[in-house]
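As structure tokens, the structure follows; a few thoughts come after it.
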Amino acid sequence: MYKVLMIEDDALIGDMVSMYLKEEGFRVIREENGKDGIAALADFQPDLLLLDWMLPDLDGLTICRQVRETSSVPIMIISMKNKVVERVNALGAGADDFLCKPFSMHELIARANALIRRSQMHVVSKQDAKLQAGTGSAHMGMESSTAVLEEGGDLSEKITLDSHTRSMRVHGVMIETTYSEFEIMKCFLNHPGRVYSREDLLQTVRGFDSFVTDRAIDVHIANLRKKIEDNPKEPKWIRTVWGVGYKFVRM
């Protein structure tokens with residue numbers, strides 16, 4: 001039984017969504033403010049967080065950022081806000097999906113299942129990688145099955161991606177990435193020097209982000225630069241090709 005934590009102060013919407021989710025077999029608890037919701041996250045360990053944007057104490061984006069400091073739980077923001085810039089801001093804060101009020105319960109259930117399914121696949125991938133690593137260490141001379149892409153010279157200058165655990169290391173330090181950031185970085189490392197248009201990168205992440213736009217790609221690039229560049233305002237790795245898109249440059 002999947003667990004859903006809802007942070008929603010509107011009792012009518014909260015009760016209605018809880019009822020439908022429970023009818024679909026989910027276990028649901030609801031908190032009415034951000035402080036209680038964040039506290040419940042650690043105890044309840046949900047498979048999905050449904051988060052209202054407007055709450056009496058904290059706004060949804062602030063909660064999103066706080067949750068992302070300690071948890072990779074899928075987050076769906078539910079809000080009356082429906083402008084593209086607001087959706088992009090939600091993505092930049094760490095949300096995985098965005099649903100505008102009013103919404104269809106059938107769509108909510110479908111999106112909830114999709115987010116949880118994607119998250120579970122990620123967990124299975126990590127478990128498989130650990131199992132394969134253990135098997136490899138038991139057989140002397142057997143090459144590791146972990147696929148790693150590398151850039152740079154010595155270890156301190158490498159950017160590496162592990163496709164099994166979907167992890168990235170920069171200068172030897174583990175860096176957290178979203179699913180879309182990892183996919184974009186994989187494209188860059190596979191084809192250094194190639195110029196990717198925003199549409200190329202949209203096709204790369206489409207199916208993982210349910211509300212990707214050209215602006216969302218710019219947000220992903222900005223976030224990646226913050227994670228890998230010494231000075232994100234003067235990037236040396238991910239360069240802008242004006243009027244076209246972006247490219248990754250070997251150093």
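The values are calculated or read from the model by the stated rules, or taken from the named source; none is laboratory data. All values reported here derive from a predicted model rather than from experimental measurement. Here the Cβ positions follow ideal geometry from the backbone for every residue, glycine too, while neighbour counts run over all protein chains shown.
Tabulated data
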{"read-out": "Inter-residue pairs, beta-carbon under 6 Å, first within 11 Å of Ile228 (Cβ to Cβ) and in region 154-178, second at pLDDT 75 or above and among the polar types (S, T, N, Q), 6+ apart", "value": "Met168/Thr177; Arg169/Thr160"}
{"read-out": "Residue match in region 204-216 (condition: in a loop (DSSP other than H, G, I, E, B) and modelled with pLDDT of 85 or more)", "value": "no"}
{"read-out": "Boolean, Arg111 is among the charged types (D, E, K, R), within 19 Å of Tyr179 (Cα to Cα) and crowded, with 18+ Cβ neighbours inside 10 Å", "value": "yes"}
{"read-out": "When residues of region 86-117 are limited to those that are assigned to a loop (DSSP other than H, G, I, E, B) and touching a residue at least 12 places away in the same chain (Cβ under 8 Å), the one nearest to Leu224 (Cα to Cα)", "value": "Gly94"}
{"read-out": "Residue in region 178-199 that is nearest to Glu69 (Cα to Cα), counting only those that are surrounded by 20 or more Cβ atoms within 10 Å (Cβ to Cβ) and hydroxyl-bearing (Ser, Thr, Tyr)", "value": "Thr178"}
{"read-out": "Region 59-86, residues that are within 15 Å of Ala40 (Cα to Cα) and among the aliphatic types (A, V, I, L, M)", "value": "Ile63, Val67, Val73, Ile75"}
{"read-out": "Evaluation of Leu5 against (1) in contact (Cβ under 8 Å) with a residue 12 or more places away in the chain; (2) more than 21 Å from the chain's Cα centre (by Cα) (one fails), failing number", "value": "(2)"}
{"read-out": "Some residue of region 233-250 being under 18 Å from the mean Cα position of the chain (by Cα), modelled with pLDDT of 80 or more and either buried (at least 19 other Cβ atoms within 10 Å of the Cβ) or hydrophobic (A, V, I, L, M, F, W, C) (or both)", "value": "no"}
{"read-out": "Residue within region 56-77 that is among the polar types (S, T, N, Q), closer than 22 Å to Asp15 by Cα and modelled with pLDDT under 90 present", "value": "no"}
{"read-out": "Failed criterion for Lys186 (all others in (1) at pLDDT below 85; (2) outside any loop (DSSP other than H, G, I, E, B); (3) within 18 Å of the chain's Cα centre (by Cα) hold)", "value": "(1)"}
{"read-out": "Qualifying residues in region 59-85 (those that are in contact with a strand residue (DSSP E or B) (Cβ under 9 Å, 6 or more places away or on another chain) and in a helix (DSSP H, G or I)) - the one surrounded by the most Cβ atoms within 10 Å (Cβ to Cβ)", "value": "Ile63"}
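Each row is one residue, and each column tells you yes or no for (1) touching a Ser or Thr at 6+ places or on another chain (Cβ under 8 Å); (2) part of a helix (DSSP H, G or I); (3) surrounded by fewer than 18 Cβ atoms within 10 Å (Cβ to Cβ).
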position	(1), (2), (3)
Met1	no, no, yes
Asp9	no, no, yes
Tyr20	no, yes, yes
Gly25	no, no, yes
Leu50	no, no, no
Asp57	no, no, yes
